[in-house]
1. Principal axis lengths of the chain from Cα atoms, whole Å, largest first?
2. Rounded to the nearest 5, what is the percent of antiparallel bridges among the DSSP beta bridges in the stretch 3-238?
3. What does the helix-only formula give at 222 nm for the chain: each DSSP H stretch with n ≥ 4 adding -39500 (n - 2.57), the total divided by the residues, and the result rounded to the nearest 500 deg cm²/dmol?
4. If I take every Cα pair under 8 Å that is 6 or more residues apart in the stretch 1-152, average their sequence separation and divide by the length, what percent do I get for the relative contact order?
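Any read-out appearing in this document is the output of simple, stated calculations on the displayed coordinates, not a laboratory observation. Just so it is clear, the model here is predicted, and its values are computed rather than measured.
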């Protein structure tokens, strides 16, 4: 079998959904092979009504152009950068919350995107969750599950921390964006960074399907189930 065929077999074995939106976080060092082969396998796995989604992000220190600014590969991974330029992929225009999507629901997932509080109401993450989407993690760091930010907006936690960040855009120049603190967390937690702990506890309770995809540990999460779990976790630990 070729690498692509092997990857597609692994995706089938993990029962990765073929329809609906699928958000992917992946470390190519863990998966093995090249990003193009994994992207091809993911897109071949999806049915015609399936849509692939990834977070791209941006560097606040560089002039931002939604279509041409490269992904910070060290932070987001090479797969996101390859997907950004993949034929047919759409990219939304948000300096702090740039995503790419490919499939029939791409436009509906990406637009409109609110400027402030970009992980909350009206966000890509909200639409992913409401559309019955899933998240596939392939060897990704445990603190990189972007969907947790949506739960932060919904959780009833007092005095959530906020931040205001300056971006430089190639078209309009300076732009300030305000949101919940998505760098240091919305509140102090006695044990430090809570992001990986939310995921750890979700996995420990058996809420995800786990298997191998290439050389990586694959973790398949239902978006709605994870958000509900994360809300309860945050309200318990941070309130």
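1. Taking the Cα atoms of the chain, the three principal extents are 53, 45, 29 Å.
2. Working: 24 of 34 bridges.
Bridges in the stretch 3-238 that DSSP calls antiparallel: roughly 70 percent.
3. Working: 10 runs with 82 residues, N = 239.
Helix-only estimate at 222 nm: -9500 deg cm²/dmol.
4. Numbers: 251 pairs, mean separation 42.3, N = 152.
Here the relative contact order equals 28 percent.
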